[in-house]
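S.K.: Structure in structure tokens, see below.
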Amino acid sequence: AAGWVLGGEPVAYGLCRPPGHHAARAAYGGYCFFNNAAIVAAHVVATTGGRVSVLDVDYHHGNGTQQIFYERGDVQFVSIHGDPERAYPYITGFRDETGAGPGLGATSNYPMPEDADDGEYLAALSAACDEIDVFGPDVVVVSLGLDTYFDDPMCDLSVTADGFQDCGAVVRQLGRPTVVLQEGGYADHALGDNVRRWLYGIGTD
């Protein structure tokens with residue numbers, strides 16, 4: 001997927017299972033063994049010398065991705081997730097975690113309240129994308145969790161299928177080459193449609 005985007009495609013989607021964003025440098029967790037988003041971000045930086053923003057929209061905070069890039073200034077990590085006061089992994093994802101050393105200011109966290117609906121979620125996503133726009137990445141990597149769905153058994157947010165399409169459209173407005181990688185999503189009866197709706201929003205057929 002990264003190769004296609006680096007080759008000129010505006011968007012590529014990687015259907016990854018298991019997910020990856022809980023995998024840190026020397027630890028696994030949350031079903032994650034290889035951090036797919038971090039691998040893509042590191043590859044893009046190493047091969048192009050450019051900057052990358054990782055936008056994590058999974059219900060659970062991407063603690064592994066944050067840990068890997070927390071002290072780097074060339075990879076931004078922005079996450080929208082359930083408040084860690086009540087959501088896995090419980091110990092990371094708070095607003096005051098903003099990076100360290102060369103990476104100070106390159107990490108942003110948006111903990112969401114219980115039952116946040118499409119409007120609340122889209123407001124957070126718009127703010128997150130404003131931060132990404134200021135950072136000015138050459139490539140955006142989206143950790144696409146669909147477990148923010150109102151009927152997901154592992155989530156307490158209330159995003160709908162229409163909301164997912166609107167989310168994709170917000171990310172599209174960044175106008176940057178984008179690698180979209182599948183993370184969580186456990187409402188099996190709706191997962192395929194929700195993925196398609198998000199991708200329709202970002203403009204893939």
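No value in this document is a laboratory result; all are computed from the given coordinates. Because the structure is predicted, anything quoted here is derived from the model rather than measured. Backbone-built Cβ (ideal geometry, glycine too); neighbour counts: all protein chains shown.
S.K.: Could you order the peptides 169-182, 48-61 from most to least packed, using the average number of other C-beta atoms within 10 Å per residue?
M.R.: Packing proxy ranking, top to bottom: 48-61, 169-182.
S.K.: Now for a different question. Provide the gained length on full extension for the span PHE34 to PHE94, in nm with one decimal, where the gain is 0.36 nm per separating residue minus the Cα-Cα distance.
M.R.: 19.3 nm
S.K.: HN-Hα J couplings of the range 75-87 from phi, Karplus 6.51/-1.76/1.60, θ = phi - 60°, integer Hz, Gly and Pro as x?
M.R.: Per-residue couplings from phi come out as 10, 8, 10, 10, 10, 10, 7, x, 4, x, 5, 9, 10 Hz.
S.K.: Quick check: the distance between the Cα centres of the range 62-128 and the range 177-205, to the nearest angstrom?
M.R.: 20
S.K.: Nearest 0.05, what FRET efficiency do ALA27 and TRP4 give at R0 = 25 Å with Cβ-Cβ as r?
M.R.: 0.25
S.K.: Residues of the range 56-96 with the amide nitrogen closer than 20 Å to a label point 7 Å from the Cα of ASP133, along Cα-to-Cβ, please.
M.R.: 56-57, 76-80
S.K.: To continue, here is another question. If a paramagnetic tag sat 7 Å from the Cα of ARG86 along the Cα-Cβ line, which residues of the range 150-173 would have the backbone N under 16 Å from that point?
M.R.: Residues passing the 16 Å test: 150-159.
S.K.: Follow-up. Given springs between every Cα pair under 10 Å in a Gaussian network model of the chain, which of ALA100, ALA87, ALA26 has the largest fluctuation?
M.R.: Fluctuation is largest for ALA26.
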